[in-house]
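A.B. asks: I'd like to ask you about the structure that follows.
The values are calculated or read from the model by the stated rules, or taken from the named source; none is laboratory data. All of these numbers come straight from a predicted model, not from anything done at the bench. Backbone-built Cβ (ideal geometry, glycine too); neighbour counts: all protein chains shown. Only protein heavy atoms, including side chains, enter the accessible area calculation; ligands, DNA and RNA are left aside. Shrake-Rupley method; radii C 1.70, N 1.55, O 1.52, S 1.80 Å.
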Amino acid sequence: MGEKSLRKRKGEDKGREDGRSIQSHEPQTTNLQKQANPPPSLPSPRGHPPVGLISGICMIVGTIIGSGIFVSPKSVLSNVGAVGPCLTIWAACGILATLGALCFAELGTMITKSGGEYPYLMEAFGPIPAFLFSWTSLLVTKPSSFAIICLSFAEYASAPFYPGCNPPQAVIKCLAAAAIVVITIVNSLSVKLGSYLQNFLTAAKMIIVTIIIVSGIVLLAQGKTENFKDSFEDSKISVSSISLAFYNGLWAYDGWNQLNYITEELKNPYRNLPLSIIIGIPLVTVCYVLINISYFTVMTSTELLQSQAVAVTFGDRVLYPASWIVPLFVAFSTIGSANGTCFTAGRLVYVAGREGHMLKVLSYISVKRLTPAPAIIFYGAIAIIYIIPGDINTLINYFSFAVWIFYGLTVLALIVMRFTRKELQRPIRIPIIIPVIVTLVSILLVLAPIITAPELAYLYCVLFILSGLIVYVLFVHFKFNWPQKISKPITMHLQMLLEVVPAEEVTE
């Protein structure tokens, strides 16, 4: 990742509070070297030119727009039943994402430690909720996100080969698993190759979004508005249906909190962080609403629900004989999102292993390639497990349920610290009504599907999150090390096979 291999930092991480803000102090150990030119959708590393307002806006837009807008429209519509409520949900999801991001903006400038939600939960509620967040992220939300994106890629990549019918589930799942394997190998072998791939695929993503929006505007100008008449007729509105529709819509907006991971790299963060949010997320919202309007210009609600790949159907009707452009570029977009997800989440597994929250072997790095190969392979293996039993909609509901538990808890932490940590300076101070609204909506999103349409998947998710308490007590609090001993033979084989060693053994 750059010219040099690794840097060894010496000393101890002393962490201090100066009454102004809680400052970030990186663990002083050997780390993976940081990329000089990261992919556009990834945080800019410390030590390089600060990220300005334009870069911040581009990072938000590039991170959020991925596979969701090509997968979720059908799911949102199926839950609310009509065009009008569907477009309303997409706009409301954008508003909620903007409000949530503003809450995170205050947290990010008040507590400048890295790690996203983890340090905020730690400061407000202590180590146990923070650990449960990292536990859930590593084994539920991150791998399931990877699996959803690769399943989306598989649907669009296989759709042209099965015209007029749905591709077999076996084909979709095998193709998704193959995508996970390829992305895992690429990111294990070379950071530079993964970076180049990300740059290319991000450009492809913006091309297909532009094509769909411009085509829709042209069709509207030609008078293709019949599908918008009586747009609220036959809608099926209930607390449960709205919550599930929000789950699918908010999946497409996931990534709205990405700038919190690079607060220290932002130029004038107290100005540029809220401005990037206020400009970037509404821009994505406008794009998403326009893309959905474009879909409805050529498809009725029934036709959209019957489509296996919505954007492919749109391309077949609007861009023929060049309709192959749509599935190709959508596949590029989804595989780009998967590549970026693997890049960042692999590092999360690596750090968890280094901090003792996962097996030590997951903190090993490749001597030759300077990548956290064991962590990336572990992450890919978990994602493949999620592909085997689930479909996209089930995984999105599972993912959204888990992630909004912690989004809500993190925003609640902001409210709590208004009373318990009054001494901290808040360069960005939002009206208290905003975190209250986001917290209440989060509670509604989490509880409504359980109360109105209970499913065992939600129970399993809660039980899995709570099982982290057992892991915390045994392996973090009491520091039982028998899993490390049991995994020692595996570690030795991995060291020989992948040429990996503990980070502290690698010098410059």
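A.B. asks: What nm value, rounded to one decimal, do you get for the distance between PHE478 and LEU328 when each label is placed 7 Å out toward the C-beta?
C.D. replies: 6.0
A.B. asks: Under the 0.36 nm per residue contour assumption, what length would be gained going from the current alpha-carbon distance of ASP230 and ILE54 to full extension?
C.D. replies: This chain segment gains 59.4 nm when fully extended.
A.B. asks: Multiply the residue separation of ARG317 and GLU455 by 0.36 nm, subtract the distance between their alpha-carbon atoms, and state the gained length in nm to one decimal.
C.D. replies: Full-extension gain reported as 45.9 nm.
A.B. asks: Another question about this same structure. When the Karplus curve 6.51 cos²θ - 1.76 cosθ + 1.60 is applied with θ = phi - 60°, which whole-Hz ³J(HN,Hα) does each residue of the range 56-72 get, with x for Gly and Pro?
C.D. replies: Going residue by residue, I get x, 5, 4, 5, 4, 4, x, 6, 6, 6, x, 8, x, 5, 9, 10, 6 Hz, with x marking Gly and Pro.
A.B. asks: Once the convex hull of the C-alpha atoms of the range 53-501 is built, how many Å³ does it hold per residue, rounded to a whole number?
C.D. replies: Convex hull of Cα atoms, per residue: 148 Å³.
A.B. asks: Here's a follow-up. Quickly work out the TYR270-to-ASN199 label distance, labels modelled 7 Å from Cα along the C-beta direction, and quote it in nm with one decimal.
C.D. replies: According to this spin-label approximation, the distance is 3.6 nm.
A.B. asks: What distance in nm lies between label points placed 7 Å from Cα along the C-beta direction at ILE430 and LEU447?
C.D. replies: 2.2
A.B. asks: Amide H of LEU266: which non-local residues (sequence gap of 5 or more, or other chain) have their own amide H closer than 5 Å, using H built in the peptide plane?
C.D. replies: VAL51
A.B. asks: While we're here: For the range 53-501, report the accessible area per residue in Å² (1.4 Å probe, heavy atoms, rounded to an integer).
C.D. replies: Per-residue accessible area for the range 53-501 comes out at 40 Å².
A.B. asks: I'd like the Karplus ³J(HN,Hα) series for the range 442-457: coefficients 6.51, -1.76, 1.60, θ = phi - 60°, whole numbers in Hz, and an x wherever there's a Gly or Pro.
C.D. replies: My calculation for the range 442-457 gives 4, 4, 4, 4, 7, 8, 4, x, 5, 6, 8, 9, x, 9, 5, 4 Hz in order.
A.B. asks: Separate question: Based on the Cβ-Cβ distance from LEU305 to LEU466, what FRET efficiency comes out when R0 is 35 Å, to the nearest 0.05?
C.D. replies: The value I calculate is 0.45.
A.B. asks: Can you check what the Kirkwood hydrodynamic radius comes to for the range 139-183, Cα pairs only, in Å to one decimal?
C.D. replies: 10.8
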